[in-house]
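One structure is given below, encoded as structure tokens.
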Amino acid sequence: MDNATALLLQFIRHPARVGALAPSSRRLARTMVAWPDMDNARAVAEVGTGTGVFTEAILESLGPDCRFFGIEIDARLVNVARKRHPNVTIHHDSVANIREICRLEDVPHLDCVICGLPWAAFTAPIQKEFMDAITAVLRPGGQFVTFAYRQSLLTRSGRRFQTQLHRYFGTVSRSRTVWRNFPPAFVYQCKR
Ligand SMILES: C[S@@+](CC[C@H](N)C(=O)[O-])C[C@H]1O[C@@H](n2cnc3c(N)ncnc32)[C@H](O)[C@@H]1O
């Protein structure tokens with residue numbers, strides 16, 4: 001089974017958790033890693049690795065001494081991403097446990113979190129729980145990158161998430177729209 005079919009099947013089984021009908025495009029993956037200072041990062045985590053599209057772009061941009069691991073909650077997608085990137089540790093777990101995962105990895109703080117979570121599909125308490133967990137391990141000055149579909153800004157939860165970002169981060173900016181993605185999306189670039 002190809003990666004796109006694997007994601008689609010998991011979307012049918014768990015729509016609110018997967019939040020995407022198709023894997024992100026290569027163009028969106030490149031936009032995700034274009035802004036953060038990957039060259040100087042010592043520890044980077046990817047959250048919601050899915051089929052591993054962003055993982056590929058992250059691996060291409062990381063410095064040689066950087067610690068890197070992924071976190072994905074869906075067992076089937078963990079298998080897909082592990083097959084695609086056999087040298088990357090992908091934890092089968094929830095981002096809610098990112099503090100414990102960092103302890104396991106012996107990483108006191110993260111310099112950067114690249115995040116593929118479907119924020120607009122989450123309720124307010126879940127958005128808060130996951131943002132609290134992520135920002136607890138992101139060092140001051142650390143960078144957080146995530147994406148949103150353009151249409152998500154028409155929804156209350158999508159707008160709520162955007163407002164939340166300004167509460168958690170001193171700087172929040174947005175990339176241009178990546179039209180070569182289904183659906184078109186943009187990237188939030190945030191700094192603690
Ligand atoms: C929109 S998909 C993005 C997948 C991939 N990064 C991409 O861009 O194609 C969201 C991913 O987040 C994962 N996810 C959802 N809730 C999660 C959680 N609490 N912890 C870790 N991963 C989660 C889903 O299983 C899914 O693989």
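The values are calculated or read from the model by the stated rules, or taken from the named source; none is laboratory data. Owing to the predicted nature of the structure, the values given are computational and were not obtained by experimental measurement. Cβ placement follows ideal geometry from the backbone for every residue including glycine, while neighbour counts extend to all protein chains displayed. Heads up: the accessible areas ignore ligands, DNA and RNA and are worked out on the full protein's heavy atoms, side chains in. Shrake-Rupley method; radii C 1.70, N 1.55, O 1.52, S 1.80 Å.
Applying a threshold of 7 Å to beta carbon distances and a minimum spacing of six or more residues, or different chains, the list of pairs starting in region 39-51 at a residue that is in contact (Cβ under 8 Å) with a residue 40 or more places away in the chain and ending at one that is of a type in the set (Ser, Thr, Tyr) and more than 6 Å from the ligand (Cβ to nearest atom) reads Glu46/Thr55; Thr49/Thr55. Strands (runs of 3 or more DSSP E) fully within region 1-114 that include at least 3 residues being in contact with a Phe, Trp or Tyr (Cβ under 9 Å, 6 or more places away or on another chain): 43-47, 89-92. The condition of being more than 15 Å from the ligand (Cβ to nearest atom) and in contact with a His (Cβ under 7 Å, 6 or more places away or on another chain) holds for only one of Val137, Val78, Val172, Val107, that being Val172.
Of the numbered criteria (1) near the ligand (Cβ under 10 Å from one of its atoms); (2) over 19 Å from Thr31 (Cβ atoms), the one Trp119 fails is (2).
Remark: pairs (first residue in region 169-192, closer than 11 Å to Thr31 by Cα; second residue aromatic (Phe, Trp, Tyr) and open to solvent by less than 10 Å² (accessible area, probe 1.4 Å); Cβ separation under 7 Å; 6+ apart in sequence or on different chains) = Arg174/Phe186; Arg174/Tyr188; Ser175/Phe186; Arg176/Phe186; Thr177/Phe186; Val178/Phe186. Taking region 14-47 as the range and being open to solvent by 60 Å² or more (accessible area, probe 1.4 Å) and more than 10 Å from the ligand (Cβ to nearest atom) as the test, the residues that pass are Pro15, Arg26, Arg27, Arg30, Ala34, Trp35, Asp37, Asp39, Asn40, Arg42. Given the condition under 20 Å from Ala20 (Cα atoms) and either among the β-branched types (Val, Ile, Thr) or open to solvent by less than 30 Å² (accessible area, probe 1.4 Å) (or both), answer yes or no: does some residue in region 133-146 qualify? Looking through region 133-146, at least one residue is under 20 Å from Ala20 (Cα atoms) and either among the β-branched types (Val, Ile, Thr) or open to solvent by less than 30 Å² (accessible area, probe 1.4 Å) (or both).
Take the conditions within 10 Å of the ligand (Cβ to nearest atom), modelled with pLDDT of 95 or more, open to solvent by 10 Å² or more (accessible area, probe 1.4 Å) and within 16 Å of the chain's Cα centre (by Cα) and apply them to Glu56. Does it pass? No, not satisfied.
Condition test on Ile126, is it near the ligand (Cβ under 10 Å from one of its atoms), part of a strand (DSSP E or B) and modelled with pLDDT of 95 or more? Against the criterion (near the ligand (Cβ under 10 Å from one of its atoms), part of a strand (DSSP E or B) and modelled with pLDDT of 95 or more), Ile126 does not qualify. Counting the residues of region 84-99 that are within 13 Å of the ligand (Cβ to nearest atom), open to solvent by 30 Å² or more (accessible area, probe 1.4 Å) and free of Cβ contacts under 8 Å to residues at least 24 places away in the same chain gives 3.
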